[in-house]
1. Inside the range 27-49, can you point out the residues that are at pLDDT 75 or above and among the aliphatic types (A, V, I, L, M)?
2. Got a sec? Which of T54, T24, T6 is among the β-branched types (V, I, T) and at pLDDT below 80?
Amino acid sequence: MSKYITSTLLVASVVAISACTVRTSTVAEGEANASAEEFVIIEPAPISEEPVFTGKYK
């Protein structure tokens with residue numbers, strides 16, 4: 001009976017580890033595809049406008 005329990009636990013641990021490995025590689029592939037997406041950066045409008053040079057000095 002002890003060999004049966006040991007074998008079952010060994011098989012269960014191998015299945016769990018392989019499932020985690022498959023999930024990790026799938027996430028890594030998804031992240032690689034996500035970095036290829038384009039994105040747009042919108043700069044906020046300035047708080048105040050810069051003074052315009054009129055050619056005169058005060």
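1. Across the range 27-49, the qualifying residues are V40, I41, I42, A45, I47.
2. Step by step, each of T54, T24, T6 is checked, and only T24 is among the β-branched types (V, I, T) and at pLDDT below 80.
The values are calculated or read from the model by the stated rules, or taken from the named source; none is laboratory data. If you're wondering where the values come from, they're calculated on a predicted model, not measured in any experiment.
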